[in-house]
Amino acid sequence: MTAASLPLPRPATGEARIDHTSDEPVALLQLDVADAAEAASAVYREFRRGRRVVAVACGGDGAATRLADALDRIGVATARPGPGQALLEAPVSIVTGPDAALQGPQGAPARPLRVALAGCGVVGGGVLARLRADDRFEVVGVLVRDPGKPREPAVPEGLLLSDPAALLAREPDVLVEAISDASTGLALIRAALSRGVDVVSANKQAVGGDLAALTALARANDARLLYSASVGGGSPLIETVRRARAHAPVVRIEAVLNGTCNFILNRLAEGAAFEAALAGAREAGFAEEDPTADLSGLDAAAKLAILAHEALDGSLSPERIGRQTLAADAVLPAGRVRQLARLDVRADSAGVALVAVDGDPLLADLPDEWNALRVTTGDGRVFTARGRGAGRVPTTESVWADLADLVAA
Ligand SMILES: NC(=O)c1ccc[n+]([C@@H]2O[C@H](COP(=O)([O-])OP(=O)(O)OC[C@H]3O[C@@H](n4cnc5c(N)ncnc54)[C@H](OP(=O)(O)O)[C@@H]3O)[C@@H](O)[C@H]2O)c1
């Protein structure tokens, strides 16, 4: 696959849309909503496998509402069908169940999984809070740049480290890598995989550089590398490409992959000035102090490279993907504009560009930091996904689902 700058794509309004297929599997879950976040995690894991979910919310008055609210924070759309109304109209249908859920057989607790956590910021902090509340896991170390910095949640004494080698010396079973530095992240992932340590990463700049090589390294050392959160935050974009590819060869990917740019473009459309829109993205916690990677399209290019690997196995270097920068003086097309990442397999082109998407039902109405994906396969079938593309809650959920997959395997 060679990279070329992207000809401005037209919205694919003429395509068949298969958002609701009758052959999608359905999961029926009876859930105790005493812990709404845990119940939402169980739903999310089924949702990201591509299943439509019927969730029976148990736990008395308000259980269904608490579950719907927890799923909304992750970015999973729900419906609450009343008596006589159809189920499965939304990805997740919630119905009210009895006060108490049936308890399944409880397995004997296994030895806790030893987890090394790299990064304790927006994502790492969210993961740490979940890890420490779950006795299936033992946190053996937390790598940061500045151990003296105040943190939320606080990190217990003795866990904080600033030397990557010292983190791996604590002999973890799994490394959760959520640091904001691409080269340190990549070196750490390589070192962990070389030792046979499983890795869950949210770091697209580290993972997207050469995913083919990392996957080969994992395979050679009998380790697993999971990176769902690196693309799409909480929206299951990688899983959707995998599902499409399992159906038929992928011929096209179109996606909004950067929550910060989506947020800014929505504010610009409402009439805000560029600097105010960027400040709003920072205030909402989406844009970093230095938003260059987001605005220049480099972040979206790294994510597109990961999706291209999922679709085609090959390595598409993010640096070779054509990009257009969003800036105060950028000349935007008229209409509803998105930063659109596109891979066209037949035309052998890949790029990130600012394009108008009016009339495209998947992309035009995409609020705040949301991401969306459309994958087309050779037989014309279309697979789509949408969800919250950034933020602590949805991104943590995605890392958490990868960890749950590791525990279950
Ligand atoms: N935020 C999101 O919504 C989101 C969504 C999807 C993926 N991601 C990815 O997840 C990763 C983490 O993002 P974030 O938002 O959590 O970033 P963040 O809030 O800036 O936190 C980054 C963490 O990495 C640590 N760190 C940075 N460089 C380091 C180094 N050289 N050695 C050791 N530790 C280092 C920082 O340490 P200090 O705390 O000491 O500074 C901090 O704890 C990034 O790769 C990002 O692209 C983020």
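Counting other Cβ atoms within 10 Å, which GluC sites (Glu not before Pro) in region 133-215 have at most 12 and lie in a DSSP loop? Walk me through the numbers on the way to the answer.
Details: sites: Glu138, Glu157, Glu177; in loops: Glu157.
Passing sites in region 133-215 are Glu157.
Quick check: convex hull over the Cα atoms of region 26-96, volume per residue in Å³, rounded to an integer?
69 Å³
Per the Debye formula with a single identical scatterer at each Cα and no solvent contribution, what log10 I(q)/I(0) holds for region 237-390 at q = 0.18 Å⁻¹?
-1.03
For the chain, what value does the Rg/Rh ratio take when both radii are computed over Cα atoms and Rh is the Kirkwood radius, given to two decimals?
So for the chain, dividing Rg by the Kirkwood Rh gives 0.96.
Note down the magnitude of the dipole of region 26-96 about its Cα centre, charges +1 on Lys and Arg C-beta and -1 on Asp and Glu C-beta and zero elsewhere, to the nearest 20 debye. Don't skip to the end; give the middle numbers.
On the way: 8 positive and 8 negative charges, 67 e Å.
Computed about the Cα centre, the dipole is about 320 debye.
So for Arg130, Arg111, fewest C-beta neighbours within 10 Å to most, what's the order?
Fewest-to-most ranking of Arg130, Arg111: Arg111, Arg130.
Placing unit charges on C-beta atoms (Lys and Arg positive, Asp and Glu negative, everything else neutral), compute the dipole magnitude of region 237-390 about its Cα centre in debye, rounded to 20.
In total the dipole reaches around 640 debye.
Can you compute the modelled spin-label distance between Arg145 and Ser194, with each label point 7 Å from Cα toward Cβ, in nm?
In this crude spin-label approximation the distance works out to 2.4 nm.
Restrict the search to region 287-354; then list the trypsin sites (Lys or Arg not before Pro) that DSSP places in a loop and that have at most 10 other Cβ atoms within 10 Å of their Cβ.
Arg346
Could you tell me which GluC sites (Glu not before Pro) in region 234-333 are loop residues by DSSP with no more than 14 other beta carbons within 10 angstrom of their beta carbon?
On the way: sites: Glu239, Glu254, Glu270, Glu275, Glu283, Glu288, Glu289, Glu310, Glu319; in loops: Glu270, Glu288, Glu289.
Answer in residue order: Glu270, Glu289.
With bins 10 Å wide starting at 0, give me the P(r) of region 157-283 over every alpha carbon pair, in whole percents.
11, 32, 29, 20, 8, 0
What does the charge dipole of the chain about its Cα centre add up to, to the nearest 20 debye, if the Cβ of each Lys and Arg holds +1 and the Cβ of each Asp and Glu holds -1?
Using Cβ point charges on Lys, Arg, Asp and Glu, the chain gives about 700 debye.
Among Gly259, Gly280, Ala269, whose Cα lies farthest out toward the positive end of the dipole of region 251-299, if unit charges sit on the beta carbon of Lys, Arg (+1) and Asp, Glu (-1)?
Ala269
Of Ala305, Gln324, Pro291, which is farthest along the charge dipole of region 237-390 in the positive direction, counting Lys and Arg as +1 and Asp and Glu as -1 at C-beta?
Of the listed residues, the answer is Ala305.
What distance in nm lies between label points placed 7 Å from Cα along the C-beta direction at Ala133 and Glu319?
4.3 nm
Along the charge dipole of the chain, which of Leu217, Ser162, Ala390 sits closest to the positive end, that is, farthest toward it, with unit charges on the beta carbon of Lys, Arg, Asp and Glu (+1, +1, -1, -1)?
Leu217
Could you list which residues have their amide H under 5 Å from that of Phe137, counting only those 5 or more apart in sequence or on another chain, with H placed in the peptide plane?
For Phe137, the qualifying residues are Leu113.
A short reminder: the numbers here are calculations on the coordinates, not readings from a lab. These numbers were taken from a predicted model, which means no experiment stands behind them. Because the Cβ atoms are built from the backbone with ideal geometry, glycine has one as well, and the counts that use them run over all protein chains shown.
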